[in-house]
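Below: the structure, in structure tokens.
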Amino acid sequence: MNSIQELFQKKDKNLLSIYFTCGYPKLEDTTKVILALEKSRVDFIEVGLPYSDPLADGPTIQESSQKALENGINLDIVFEQLSAIKETNKTPLVLMGYLNQLLKYGEDKFCQKVVDCGIDTVIIPDLPMVEFERHYQQLFEKHGITNVFLITPHTSEDRIKKIDSYSKAFIYVVASASITGVKGDISNQQVEYFERIKAMNLESKLIIGFGISDKETFTTACNYANGAIIGSAFIKNLGINGVESTDDFIKPIIS
């Protein structure tokens, strides 16, 4: 059983996950952000690997990645930072990166480093299903890693059912067919999409992301899923107010 499955055994409603970019706003802030989020009692943390071409991410996360890279972040430093808090951090971490990062670093080396950091769940949004079935499913299983798949409003029912059969942590329900970013209120069209997915009665837990930014959008998302992920809004707050403002950002959402 992975760390996210264990989390869902303790709590399966209104889970709050926060996404942040490693090495942002400052190079040494990775562990500080995780510590601050843990103290704020978020349920799990999505750890973003800075990347020069983050296809799924909007301007805010792209800018945070660029700043982190300018700060000198790289995968070796990320893994060192995460390893440093492995024994003290009790909040499950999910690592989010892109396939090219895994390939460039070395598949087995990457997976082993992930495990060495105490992480057992990854999100690789540009990993094709056919490549997962052909190769990465076996690779991840060898290392005890679970992969999280994303679905969008355009994902076919057959593909959703296939993803459901492969999922051992949760399905990432992308709230819209666009990139990440704060988009205001959840639209009626998005609610219809959430209702459609909920009505499928999938075996997997559902976490909604993209465009979730405050208590109102978080609460709405949780009406149709087990929880939601906030990314761009938190990163924007980090950039303006710093790590010390984390609790002020989280409290109004979970209160």
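Every number in this text was worked out from the coordinates using simple rules, so none of it is lab data. Everything numeric here is computed off the predicted structure, so don't read it as measured data.
Rg and Dmax of the stretch 13-254, using alpha carbons, in Å: what are they?
Cα only, the stretch 13-254: 16.8, 46 Å (Rg, Dmax).
Taking Lys26 as the anchor, which lysines have their alpha carbon closer than 21 Å to its alpha carbon, excluding any fewer than eight residues away along the same chain?
Of all the lysines, those that pass the test against Lys26 - Cα under 21 Å, at least 8 places apart if same chain - are Lys39, Lys67, Lys86, Lys236.
Could you work out, for the stretch 116-255, what percent of all Cα-Cα pairs fall into each 5 Å distance bin, beginning at 0 Å and stopping at the bin that holds the largest distance?
Bins of 5 Å from zero give 2, 9, 18, 20, 17, 16, 10, 6, 1, 0 percent of pairs.
Take the stretch 1-94, drop everything but the C-alpha atoms, weight them equally and run the Debye formula without solvent; then report log10 I(q)/I(0) at 0.15 Å⁻¹ to two decimals.
-0.60
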